[in-house]
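Asks: Sharing a structure with you now.
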Amino acid sequence: MAEARIFADLKQDHDRQRDLLGRIVETSGDSPERRELFEALRKELQAHAAAEEESLYATMLADPELRDDARHSVSEHKEVDDLLGELVETDMSSSQWLQKFKELKHRYEHHIDEEEEEMFPAAAEELSDAQEARLAEVFETRKPKEYERAEHEQPGDARE
């Protein structure tokens, strides 16, 4: 598949998110480093998911060939958001926090691998170059706004 800007943008985010996930799992206890990295990941995931849903997923939902993939991914975003919310409420120094974080890491890495290996190529086949360019513009415009929103909202706040 040609590397359309929308898919390059999303993969760039995924790479940053994989890095944060890996760095967090190496931390221990309720440390300033863990708090800082987790907060960065939380805002990144919330902003990314919202902007991706408003750009790529919204377009995919309108296409019968892509609708099921989009629905599946939206439900996975909800699962990740729910896990983030649980992590926010759990004592970072507890073993439960790390166990729950590892579950989030596993689920999210599965989600982004599935997007990159299956969903993005399928979408690239169905979407025109003009659609892909428009989606990149929507994503690039929405993500900073969603990041700003994530700074003030905890997981689940925006979806209720």
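The values are calculated or read from the model by the stated rules, or taken from the named source; none is laboratory data. These numbers were taken from a predicted model, which means no experiment stands behind them. Using ideal geometry, Cβ is built from the backbone for each residue, glycine included, and neighbour counts are taken over all protein chains shown. Heavy atoms of the whole protein, side chains included, go into the accessibility calculation; ligands, DNA and RNA do not. Shrake-Rupley method; radii C 1.70, N 1.55, O 1.52, S 1.80 Å.
Asks: From the list Arg23, Arg16, Arg34, exactly one residue is open to solvent by 20 Å² or more (accessible area, probe 1.4 Å), at pLDDT 95 or above, more than 22 Å from Val74 (Cα to Cα) and of a type in the set (Lys, Arg). Which is it?
Replies: Of Arg23, Arg16, Arg34, the one residue that is open to solvent by 20 Å² or more (accessible area, probe 1.4 Å), at pLDDT 95 or above, more than 22 Å from Val74 (Cα to Cα) and of a type in the set (Lys, Arg) is Arg23.
Quick grid of which residues meet (1) open to solvent by 50 Å² or more (accessible area, probe 1.4 Å); (2) assigned to a helix (DSSP H, G or I):
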| site | (1), (2) |
| --- | --- |
| Asp68 | yes, yes |
| His72 | yes, yes |
| Glu76 | no, yes |
| Leu87 | no, yes |
| Asp91 | yes, no |
| His111 | no, yes |
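Asks: Looking at the stretch 137-151, can you tell me whether even one residue there is out of contact with any Leu (no Cβ under 7 Å at 6 or more places or on another chain), outside any helix (DSSP H, G or I) and modelled with pLDDT under 95?
Replies: no
Asks: Output the residue which, of all residues in the stretch 45-58 that are open to solvent by less than 40 Å² (accessible area, probe 1.4 Å) and out of contact with any helix residue (DSSP H, G or I) (no Cβ under 6 Å at 6 or more places or on another chain), is farthest from Glu89 (Cα to Cα).
Replies: Applying the filter and picking the extreme gives Glu52.
Asks: Could I ask something else about it? Out of His152, His111, His72, I need the residue that is without any contact (Cβ under 8 Å) to a residue 60 or more places away in the chain and under 21 Å from Val25 (Cβ atoms). Which one?
Replies: Of His152, His111, His72, the one residue that is without any contact (Cβ under 8 Å) to a residue 60 or more places away in the chain and under 21 Å from Val25 (Cβ atoms) is His111.
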